[in-house]
Amino acid sequence: MALAGLGHEYVNPFTRERVLALDGLDLDVPQGEFLTVVGPSGCGKSTLLGILAGLLTPTRGAVLVDGRPVQGPGRDRGVVFQEFAILPWRTVDRNIAHGLEIQGVPRSERAATVRRFIELVGLTGFEKKYPHELSGGMKQRVAVARTLAANPEVMLMDEPFAAVDAQTRITLQEELNTIAQATGKTILFVTHNVEEAVFLGDRCCVLSRRPGRVKTLVPVDIPRARRTWTLFTSDPAFSRIKDHVLRLVREEV
């Protein structure tokens, strides 16, 4: 995935003033990379993700996935939102199968794919449960599994763990790290949480204050076999990188 000279301007609906949210943003994300994005509030993180998803049209510049320009939503990109965006009238297995049904995947292949991702996200035994019977963490696992089942080239994640409690968040971070290794998906993950960004990322992209630009890209030189508690409490390399990223973000506040 490549971003070239990306800029986005919009009109504030209340003040009618023009707001430059992103400006001159250049970024290359190699296939299979887990890139996390952090920055001060209002720097354009969610705007960036909306453009990558094809939900917003940039004012200037371009986004390419596998050399193809992004001109709207597409099967090559899957999105996991902060809200639990699953269908309340469908069971877990039918929520995960939803995208496959739209794609016209045969029933037998669909069932096998759903079983695979139910197991991968740790929801075995909950296949026939409805969303109202699930915890927040389980609902977000369903959303992740549904996105993976549709087999996008790129996964876009907009603060997907922000609405769950701290312990569930740690569990989901570890599970997502395992899933990233198992699937080799290209993932762009937006978060306000610097610890989360460093724990999950191969690199961490720090955006400047508005208008958002790439301030710096910080490599996370820690082996992918990561456990949150070990890293958060006792790993000096993790602490060094986290403190560095935190300083970079604070400079933009």
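Structure above, values below:
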| read-out | value |
| --- | --- |
| Label-point separation, ALA111 to GLU174 (7 Å along Cα→Cβ), nm | 3.4 |
| Summed side-chain charge close to PRO30 - residues other than PRO30 whose Cβ falls under 10 Å, Lys, Arg +1, Asp, Glu -1 | -2 |
| Inter-part distance where segment 137-160 and segment 15-49 are each reduced to a Cα centre, Å | 20 |
| Point-charge dipole on Cβ atoms (K/R +1, D/E -1) for the chain, about Cα centre, debye to 20 | 320 |
| Cα-Cα over 24 Å, subset of LYS45/LYS215; LYS215/LYS242; LYS129/LYS185; LYS139/LYS185 | LYS129/LYS185 |
| Within segment 135-182: Cβ-based charge dipole about Cα centre, in debye rounded to nearest 20 (Lys, Arg +1; Asp, Glu -1) | 180 |
| Computed E for ASP221/ALA182 - FRET, C-beta separation, R0 22 angstrom, nearest 0.05 | 0.50 |
| Inter-label distance for GLU251 and TYR130, nm, one decimal - labels placed 7 Å from Cα along Cα-to-Cβ | 5.3 |
| Overall form of segment 24-174 per C-alpha gyration tensor (a/c, 1.5; a/b vs b/c) | oblate |
| Partner aspartates and glutamates for LYS128 [C-alpha distance under 19 Å; skip if fewer than 8 residues away on the same chain] | ASP93, GLU101, GLU109, GLU119 |
| Label-point gap, in nm, between PHE14 and GLN82 - each point 7 angstrom along Cα→Cβ | 1.6 |
| Alpha-carbon Rg/Rh ratio, for segment 139-190, with Rh computed the Kirkwood way | 0.93 |
| Cβ-based exposure ranking for LEU48, LEU188, in which fewest neighbours within 10 Å come first | LEU188, LEU48 |
| Point-charge dipole on Cβ atoms (K/R +1, D/E -1) for segment 16-85, about Cα centre, debye to 20 | 260 |
| Net charge contributed by nearby residues that have their C-beta within less than 15 Å of PRO131 (K/R +1, D/E -1) | +3 |
| Relative contact order, percent, segment 113-175 [alpha-carbon distance under 8 Å, six or more residues apart] | 36 |
| Among beta bridges that DSSP assigns inside the chain, antiparallel share in %, nearest 5 | 50 |
| Antiparallel DSSP beta bridges within segment 117-221, percent to nearest 5 | 50 |
| Shape category assigned to the chain from the gyration tensor of Cα positions, a/c cut at 1.5 | oblate |
| For segment 206-244 versus segment 162-184, the gap between their alpha-carbon centres in whole angstrom | 16 |
| Amide hydrogen neighbours beyond the local backbone of LEU207, cut-off 5 Å, H modeled | VAL38, GLY39, LYS215 |
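Just so you know, all these numbers are worked out from the coordinates, no wet-lab data involved. Keep in mind that what you see is a predicted model, and the values were worked out from it rather than measured. Neighbour counts are summed over all protein chains in view; Cβ atoms, including those assigned to glycine, are modelled from backbone coordinates with ideal geometry.
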